[in-house]
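Here's the structure, in structure tokens; my notes come after.
The values are calculated or read from the model by the stated rules, or taken from the named source; none is laboratory data. Because the structure is a prediction, the values reported are computed rather than measured. Note that each Cβ is placed from the backbone with ideal geometry, even for glycine, and that neighbours are counted across all protein chains shown. To get the accessible areas, we keep the full protein, side chains included, count just its heavy atoms, and leave off ligands, DNA and RNA. Shrake-Rupley method; radii C 1.70, N 1.55, O 1.52, S 1.80 Å.
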Amino acid sequence: MKEPLYVITLFSDGKIKPIYFIWNNRRLKIENITYNWRTVDENGINQHFSVISGSFYYHLLFVTSMSRWYLTEVESTLA
Amino acid sequence: MKWYCHVDMDAFFASVELASKPYFAKFPFAVGGSEKSRTVVSAASYKAREYGIRAGMSMFEAFRKCPNLISVEPDMEKYASISKEIFSIVERIAGNVDIYSVDEGFFHADSMDDALMMAVEIKREIKNNIKITCSAGIAKNKLVAKMASGENKPDGLTLVEDAFSYIGEKRVEDVVGIGRQTTKHLNKLGIYSVKQIRDYPMDILRKHFNSYAFILREVSYGRDSVNMMWNLEDEIKSVGNTHTMEKDTMDRKTLLSLLSILSEHVSFRMKKHNVEGNTVTLTVRYSDFRTFTKQKKVQRHISSPDDIQLYSKIIFDSIEIAMPVRLLGISVSNVRSIGEQMKLDFYSQQKPPIAEAVDEIRRRYGEWAIMKARSLEIKDRNVKGRRMTV
């Protein structure tokens, strides 16, 4: 899964913080960024964010070189 | 005097995944794939360990022990990235770092107090910034520091001031690097505790363990005078690799291609350990899990991929593949260090320049930088290493 996504993002102090994102025509508020990490590939640096919104977990990917956001994983937190 | 600290992440892969997905915290959790996958557990959370789930166990077995187990596929890129961050914290605070693996490393300090303060600071930073815990062990050498870090997991901090007394009380199998086979061998001699190694007559110990006896004796005193942590691993008796096919197959071309990959892999690891052997064993596991092995003794000691492939193919051709194959394995046993008895070995051959060049490319650019065209048949080239011991 790698779905392009609109993400309202705060760029501050050299840091990136996703605030809201729009998915399936719904605006979802990010309640908790549980984890973030970086990887590098042929496109340069990728920033990964594990976030919780409502009762769902989302894995958001920010490709720095293209300034684009993608959704790569969704799952319910109600295991 | 230098003091060493071993920093070891607690259930690293599982902890990273739990930090990402905290809602799994109340469940037994493992990294390693689904129940039906043929993978093994890479890491198990402490809750999963209560059910007897351990790293290295097959996922099938893990689900048998705990049907409610939550599992996720490993994300090695993520762990490598987090590992880099962790060791940069260690380096920033301690001013040095010696990375031992993706989830453990050492630093050194000039005094015990410095080591202790740095360890506390490193543990706090890792917990706050990376959201996982680690355990640290401090001692006057790496071997004892590594053992100490395992004392109070998770989130432990153990200081060993008197290595002699500390290690003397340990059972031999608790010493880092003393494996199952050496333990068995020591137990047969009536040696169960490290203290007993000190009192055992050295000439008898030497008869059983050769030069390894000196290392055992040094360890028994809690010393690391020859950097034993890197030498302590059991003497290699064979080197082998296995590969489980994505799909069971009877296709001869695919199986021969896999033999080629396995031969390259075994040869690469033999060269890494600087050994050669004279017995080739082929393992075949069928789709119904029936497994059999067949050996061939070779007149000379071999380590090149061509030789290993040649003899494993001779074995392969001598058996009838009765049903689809699930797993193939090759191992070379009766090994010795390269260089041993070279002058007496009338069969030894000079390595051709092409083999030297291929070895150099692999050393520089990685194992799969160059390979035989027939190996391209197999897309998934992840093979499992096995290092059998005394």
ask   = Which one of these is touching a Ser or Thr at 6+ places or on another chain (Cβ under 6 Å) and either in the same structural domain as B:Ala139 (by TED's automatic domain parsing) or polar (S, T, N, Q) (or both): B:Ser71, B:Ser81?
value = B:Ser81
key: Within the range B:237-281, considering residues that are of a type in the set (A, V, I, L, M, F, W, C) and not in a helix (DSSP H, G or I), the one most open to solvent (accessible area, probe 1.4 Å)   = B:Met250
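Say whether the condition of being part of a helix (DSSP H, G or I), hydroxyl-bearing (Ser, Thr, Tyr), more than 14 Å from chain A (Cβ to nearest Cβ) and in contact with a Gly (Cβ under 7 Å, 6 or more places away or on another chain) is met by at least one residue in the range B:122-145.
Within the range B:122-145 (the criterion being part of a helix (DSSP H, G or I), hydroxyl-bearing (Ser, Thr, Tyr), more than 14 Å from chain A (Cβ to nearest Cβ) and in contact with a Gly (Cβ under 7 Å, 6 or more places away or on another chain)), the answer is no, since none of the residues qualifies.
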query = Just checking, which of B:Gln181, B:Gln196 is surrounded by fewer than 19 Cβ atoms within 10 Å (Cβ to Cβ) and over 27 Å from B:Asp8 (Cα atoms)?
reply = B:Gln196
message = Condition first: of a type in the set (Asp, Glu), within 14 Å of another protein chain (Cβ to nearest Cβ) and within 21 Å of the chain's Cα centre (by Cα). Can you find one or more residues in the range B:4-21 that meet it?
response = no
task = Restrict the check to the range A:31-54 and report whether at least one residue is in contact (Cβ under 8 Å) with a residue 40 or more places away in the chain and within 21 Å of B:Tyr23 (Cβ to Cβ).
result = no
inquiry  = Looking at (1) open to solvent by less than 70 Å² (accessible area, probe 1.4 Å); (2) within 12 Å of chain B (Cβ to nearest Cβ); (3) of a type in the set (Val, Ile, Thr), which one does A:Ile19 not meet, given that it meets all the others?
reply    = (2)
ask   = Of (1) open to solvent by less than 70 Å² (accessible area, probe 1.4 Å); (2) closer than 26 Å to B:Ala80 by Cα, A:Arg68 satisfies all except one. Which?
value = (1)
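For the structure I just gave you, tell me whether A:Leu60 is touching a Phe, Trp or Tyr at 6+ places or on another chain (Cβ under 6 Å), surrounded by 11 or more Cβ atoms within 10 Å (Cβ to Cβ) and within 14 Å of chain B (Cβ to nearest Cβ).
Working: touching a Phe, Trp or Tyr at 6+ places or on another chain (Cβ under 6 Å): yes; surrounded by 11 or more Cβ atoms within 10 Å (Cβ to Cβ): yes; within 14 Å of chain B (Cβ to nearest Cβ): yes.
So A:Leu60 passes the test.
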message = For A:Asn43, only one of the following conditions fails: (1) within 13 Å of chain B (Cβ to nearest Cβ); (2) touching a helix residue (DSSP H, G or I) at 6+ places or on another chain (Cβ under 7 Å); (3) open to solvent by 50 Å² or more (accessible area, probe 1.4 Å). What is its number?
response = (1)
query = Looking at (1) open to solvent by 70 Å² or more (accessible area, probe 1.4 Å); (2) at pLDDT 70 or above; (3) in a helix (DSSP H, G or I), can you tell me which one B:Arg364 breaks?
reply = (2)
query = Conditions: (1) among the β-branched types (Val, Ile, Thr); (2) within 14 Å of chain A (Cβ to nearest Cβ); (3) closer than 30 Å to B:Ile197 by Cβ. B:Ile167 meets all but one. Number of the miss?
reply = (2)
